[in-house]
1. Report the residue count in segment 335-379 for those that are among the small types (G, A, S) and without any contact (Cβ under 8 Å) to a residue 12 or more places away in the chain.
2. What single numbered condition from (1) at pLDDT 95 or above; (2) touching a strand residue (DSSP E or B) at 6+ places or on another chain (Cβ under 9 Å); (3) under 18 Å from V181 (Cα atoms) fails to hold for E286?
3. Determine whether segment 160-170 contains at least one residue that is closer than 21 Å to Q296 by Cα and surrounded by 14 or more Cβ atoms within 10 Å (Cβ to Cβ).
4. Go through segment 241-266 and count every residue that is loosely packed, with under 13 Cβ neighbours inside 10 Å and over 16 Å from R216 (Cβ atoms).
5. Hey, could you check segment 1-45 for residues that are within 25 Å of G266 (Cβ to Cβ) and modelled with pLDDT under 90 and say which is surrounded by the fewest Cβ atoms within 10 Å (Cβ to Cβ)?
6. Can you pull out every residue in segment 302-347 that is within 25 Å of A274 (Cβ to Cβ) and among the hydroxyl-bearing types (S, T, Y)?
7. Within segment 203-226, count every residue that is surrounded by 15 or more Cβ atoms within 10 Å (Cβ to Cβ), out of contact with any Pro (no Cβ under 9 Å at 6 or more places or on another chain) and not β-branched (V, I, T).
Amino acid sequence: MPSLGGRRVVVVTESFLPTVNGVTTSVRKVLEHLALRGHEALLISPAAGSPARYAGFPVVEVPAIAYRQFPVGLPGLPGLRIQRLIEEFAPDVVHVASPFLLGAEAIAAAKRLGIPSVAIFQTDVAGYARRNHLAAASWVAWRVVRWIHADADLTLVPSSSSMADLRAAGVERLERWGRGVDLEAYHPRVRDAATTTLLRDELSPGGEVVVGYVGRVAPEKRLESMAALRGVPGIRIAIVGDGPSMPAIRRTLGGMPVSYLGELRGDALATAYASFDVFLHTGTEETFGQTIQEAQASGLPVIAPRAGGPIDLVDHGRSGFLYTPGDAKELRATVELLARDPRLRARLGEAGRRAVRGRDWATVGDALLEHYERARLARSRQLS
């Protein structure tokens, strides 16, 4: 078990509770692991009404504005406060989650103070520009990404796709670091629970195959792709999540057998996964794909686009299927194949569960501590 010898860590994030997304989940797990291993931490996040403490550690909010329903930290004066907070806490390392405005300030402050920093690449900002056909914006976005990460002692990336993108953008000092999954909460045995039976009866009143999705309902998730499943016999669709695209998705999927379950967390989310027969992920801009791991841990076969993080997570033909992004016929044919073959669904689901057995949060958290130590040693060599 790696140990930093009771070291101190400042975690700076662009997103935290009550906002729920992949960045928030990852930061929560990092803080919980630091507490488990006996370290000290301070969390700095944009003002959004976060709890005053998390996992026993203080949470300090800095001024923010709302952008696309998310609080975004402001540059300038908050940056001076971030440097003061870091200096007063005197950490051994600064962990910067999905750096943008606050993250850039934190990395710069850490460099000025001679403190090692580890940046976590987690949001494909440039991908959003590509989706909107803004070639110039994509070029600028990658320049911003390179500028933000330039002073970090180490940048951790979640997938081979992200690694290739960042290398092409000129970002240096890259290492792979994925995400963990709760193997106890998300487990095939949850399918036998009474709560799952009740939900299953609601989602599949006639014994239909349930094709489920979990995540934000936003443009980058491309849920409109599900329209390709209109008329597929013997299936029903379940969507867990909410977001700005919900009215448009309801219109696009109007008349289809779709159940909208809203945002779910904890046991309710695990129950939802367990009530599915197939997990369908439609987004093409995922740097990782945490919900895919949760579905695999739950014993579900996964269908996902052959793009971004899912390429590393889904072993095509063994734990699920990857389809060509934008190919509606291929997506439909893949769903039809799994809908009519329960033995294939079971085989793929079992393979997916085996694939994530070594990715529990404790293992992934210990790997992060090792990365902290590498960054600390790299900074020490630069200062010597």
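1. The total comes to 2.
2. If we test E286 against (1) at pLDDT 95 or above; (2) touching a strand residue (DSSP E or B) at 6+ places or on another chain (Cβ under 9 Å); (3) under 18 Å from V181 (Cα atoms), just (1) comes out false.
3. Yes: segment 160-170 contains one or more residues that are closer than 21 Å to Q296 by Cα and surrounded by 14 or more Cβ atoms within 10 Å (Cβ to Cβ).
4. Final tally of qualifying residues: 4.
5. V20
6. Listed by number, the residues that qualify are S319, Y323, T334.
7. Result for segment 203-226: 10.
A quick yes/no check of all residues on (1) farther than 21 Å from L80 by Cα; (2) part of a loop (DSSP other than H, G, I, E, B):
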{"position": "V20", "(1), (2)": "yes, yes"}
{"position": "V27", "(1), (2)": "yes, no"}
{"position": "L31", "(1), (2)": "yes, no"}
{"position": "L34", "(1), (2)": "yes, no"}
{"position": "L43", "(1), (2)": "no, no"}
{"position": "A48", "(1), (2)": "no, yes"}
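The values are calculated or read from the model by the stated rules, or taken from the named source; none is laboratory data. Values in this document were obtained by computation on a predicted structure and should not be read as measured data. FYI the Cβ positions are ideal-geometry reconstructions off the backbone, even for glycines, and counts take in every protein chain you see.
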